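Values quoted throughout were computed directly from the atomic coordinates according to the rules given, and no laboratory measurement underlies them. Small disclaimer: the values here were computed from a predicted structure and weren't measured. Cβ placement follows ideal geometry from the backbone for every residue including glycine, while neighbour counts extend to all protein chains displayed.
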Amino acid sequence: MHIETKCIHSGGYPDTQTGGINTPIFTSSAYGYLDTDVRLYQRYFNTPNQEAVAKKLCELEGTEDGVVFSSGMAAISTVLLALLNSGDHAVVQDEIYGGSHAFVEEHLSRLGISFTLTGKEAQTIEEAIKPNTRIIYIESPTNPLLNVVDLRAVAEIGRRRGILTIIDNTFATPINQNPFKLGIDVVIHSGTKYLGGHSDLYCGIALANKEIAALIRKTAANFGGSLNAMSCYLLERSLKTLALRVERQSQNAFEISKFLEKHPNVARVNYPGLENHPGHAIARNQMAGYGAMLSFELKDMTAITFMKRLKLIKATLSLGGVESTICDPATTSHQKVSAEVRKRLGISDNLLRLSVGIENLNDLVEDIQQAMKDK
Ligand SMILES: Cc1ncc(COP(=O)(O)O)c(C=O)c1O
C-alpha cells in the first residue's frame, strides 16, 4: 500500500457488532480480567483505541510497535528516561524544541545522567560521544530554524558505536520523512501538531521495534501519560487525511518561501526546500517533501508589529493545523532557552516561525503582503 492508502486503511479496530467502518470508541476505565490473558487499562497503553491508532502510526512510519501519549512532551520525557540510566551519557542536538531542551537541562543531571549538547553535523555529533553514551537525540528539520540533520549518517554512527538514535520527527511528519528507513531506532512525534492537524487535540507518540517499545511502555506505565479513548479516536480520524493535508501544506509553504525570499523587507528565509538553504541537498536526499514550516526575519519591522497586522494568519502557540499560524519563537516555543543560547543558535528576537495551512495560497500571500506594506 502507498502512504495515502495506509492513512485511511491501516490500523483501526473492527466493529464486528454492526459492521460500521469506523473504530468504535471504548470508554471504559474498568475492564473485566477473569476470562482474558490481557489486562486492559488505559495507563498500561493497551486499550483498543490506543492500539488501533498506534497500529496506524506504525504502518505510516514503518515499524513494529508504538505507544500513544497524552502530549509530545510525555512521549519525549518517557522515552529519554526509559532508555537512560544513572551514569549514562546522552548526546543531544542543541537546536531542538525548547521544551525538550528544557527537559534535558533541568532533569538529566539531577538524575545522574550527563549530556553533551552538539551542533547538527554528523561529525560534531560523533565527536561528542563518550564511552558511556547510550543515546543520540536529534530533530530534523529543526524548530524553529529548519536546519537539517543527515539522518543516514547519524544512524550509521549509532549502529557502528552501539548507541540508540532517537528523532523528534514532528516537523517532517511520516508523509515527508520516514527515519526508520534511514536506520534511526526511535521516532517521536508531538501529535498535537500535524498528526492531529486541527488544533484541537494534544497527544504524542513514540515508535520503535518491539524490544525498545517494550522498555518505553514499561516506563510509560509508571509515569502515566496515557491518551484517552476519545482523543485516540480523534487522532485516528485525523490521520486519514494526513497525506492530503501535509502535501497541500508543503506546497503552500514552498511557494510562500519563494515569495518571502524575493521580498525587499525580508532579511532571511529558512526553508529546506530553497536551493540556497544549507541543508537543501540532504533534505532532498532524505525527505519526500520539504514540510510546511518555515521561519524568516524582517528588515524594518518588529515581529510583534507584523503579527498584529496580519488578518488571516493568527499568532498562536503551537503549529501544524489546517489553518496557518505564526509565532515569534523567542517568546514562545524557545522562551525557556536562555537568551545567550538563543543568540548562539541564531534564534533572534525578530525571528518569525510560520506554520502554513491548507488555505488558498493567494489568500495567504495577500495577507502577508498587506501586513508588510507601509511599515
Ligand atoms: C518539534 C516539537 N516537539 C515536541 C513538542 C512538544 O509537544 P507537546 O506540546 O504536544 O507536548 C513540540 C511542541 O511545540 C514541538 O514543536
Sorted peptide list for 10-20, 118-128, 41-51, criterion being average Cβ within 10 angstrom, highest first: 41-51, 118-128, 10-20
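Using Cβ counts within 10 Å as a stand-in for footprinting exposure, how do Ser190, Ser114, Ser77 rank, fewest first?
Details: Ser190 30, Ser114 15, Ser77 21.
So the ranking, lowest neighbour count to highest, is Ser114, Ser77, Ser190.
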Dipole of the chain [Lys/Arg +1, Asp/Glu -1 at C-beta], most positive-end residue of Val148, Gln370, Asn176: Gln370
Between the Cα axis of helix 229-239 and the main Cα principal axis of the chain, the angle (0 to 90°, nearest 10) is 50 degrees
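Less than 12 Å Cβ to Cβ from Thr331, Lys/Arg counted +1 and Asp/Glu -1: what total charge do the surrounding residues give?
Values: positive: Lys336, Arg342, Arg353; negative: Asp328, Asp349.
Residues close to Thr331 contribute a combined charge of +1.
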Non-local amide H neighbours of Thr133 (under 5 Å, H modeled in plane, Pro and chain starts lacking H): which ones? His89
By its C-alpha gyration tensor, with a ≥ b ≥ c as the square roots of the eigenvalues, how is segment 182-248 shaped: rounded for a/c under 1.5, else prolate for a/b larger than b/c, else oblate? oblate
What is segment 243-372 by shape, rounded, prolate or oblate, if you read a ≥ b ≥ c off the alpha carbon gyration tensor as root eigenvalues and call it rounded for a/c under 1.5, prolate for a/b larger than b/c, and oblate otherwise? rounded
What ³J(HN,Hα) values, in whole Hz, does the Karplus curve 6.51 cos²θ - 1.76 cosθ + 1.60 give for segment 297-308 when θ = phi - 60°, with x put for Gly and Pro? 10, 8, 7, 10, 8, 6, 4, 5, 4, 4, 5, 5
For segment 101-119 and segment 44-100, what is the centre-to-centre distance using only Cα atoms, to the nearest Å? 17 Å
On a C-alpha basis, how far is the centre of segment 248-295 from the centre of segment 312-328 in Å? Whole number, if you could? 17 Å
Cβ-placed point charges (K, R +1; D, E -1), dipole of segment 243-372 about Cα centre in debye, nearest 20: 320 debye
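So which of Lys55/Lys336; Lys193/Lys311; Lys193/Lys262; Lys56/Lys130 end up more than 27 Å apart, counting from Cα to Cα?
On the way: Lys55/Lys336 34 Å; Lys193/Lys311 22 Å; Lys193/Lys262 29 Å; Lys56/Lys130 37 Å.
Violating the 27 Å Cα-Cα cut-off are Lys55/Lys336; Lys193/Lys262; Lys56/Lys130.
Rounded, prolate or oblate: which one fits segment 1-159, using the alpha carbon gyration tensor with axes a ≥ b ≥ c (rounded when a/c is under 1.5, else prolate when a/b beats b/c, else oblate)?
Cα axes put segment 1-159 in the prolate bin.
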Looking only at aspartates and glutamates whose Cα falls under 16 Å of Lys308's and that sit 8 or more positions away or on another chain, we get Glu297, Asp300, Asp328, Asp349, Glu366, Asp367, Asp374
Identify all aspartates and glutamates with a Cα-Cα distance to Lys218 below 18 Å; exclude those on the same chain that are fewer than 8 residues away in sequence. Asp37, Glu51, Glu64, Asp65, Asp185
To the nearest 20 debye, the chain has a Cα-centred charge dipole, built from +1 on Lys and Arg Cβ and -1 on Asp and Glu Cβ, of 280 debye
